[in-house]
1. What helices (runs of 4 or more DSSP H) completely inside segment 80-151 contain at least 1 residues that are within 22 Å of residue 64 (Cβ to Cβ), open to solvent by 70 Å² or more (accessible area, probe 1.4 Å) and at pLDDT 95 or above?
2. Please go through segment 1-16 and pick out each residue that is part of a helix (DSSP H, G or I) and open to solvent by 30 Å² or more (accessible area, probe 1.4 Å).
3. Identify, please: which residue in segment 17-47 is open to solvent by 20 Å² or more (accessible area, probe 1.4 Å) and within 12 Å of residue 75 (Cα to Cα) and is, among those, modelled with the lowest pLDDT?
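The values are calculated or read from the model by the stated rules, or taken from the named source; none is laboratory data. Keep in mind the model is a prediction, meaning the values are calculated, not measured. FYI the Cβ positions are ideal-geometry reconstructions off the backbone, even for glycines, and counts take in every protein chain you see. In case anyone asks, the SASA skips ligands and DNA or RNA and just uses the protein heavy atoms, side chains included. Shrake-Rupley method; radii C 1.70, N 1.55, O 1.52, S 1.80 Å.
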Amino acid sequence: MTLQTILLAVGPGDADRTDELAETVIEVAEPSDATVVLAHVFTDDEYEEVLDNLEMNADSDQIRPDEVASRHSTIRNLQSELDEEGIDYDVRGAIGDHGPTIVELATGVAADRVVVGGRRRSPTGKAVFGSTAQEVLLSSPCPVTFVRSAE
């Protein structure tokens, strides 16, 4: 199977693991010359908070999730690391519940691989609080690489 498109999906909990995520996606994308889609998924509340932090007008029709994602520090850090390695990438932003929205993005970009980060949780923790990574692992249209936090 040739990899052409790799979706690297990040969210609010991924700021501390950009190095691990970048290293993983570079390791997969570089040998296959794949394009990486850097996607930041926001819930409605997270999106409003990021707009406030970036001092962007939430009522403007000019503002799109792709632009907001491209200005987010997590995406900018990942862009820097991919630029250093000469990896081609696109940036996408999306608003919705994390798990299902990542799966929709993977389908929409015809991803051959999805890379997501997460932390170790007990089965009870997953049942009570849910797990974005678990949702993506079970519903993704393609193979998923899970990058566990070092914690």
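1. Hits in segment 80-151: 98-108.
2. Going residue by residue through segment 1-16, those that are part of a helix (DSSP H, G or I) are 12-16.
Within segment 1-16, 12, 13, 15, 16 meet the criteria.
3. 17
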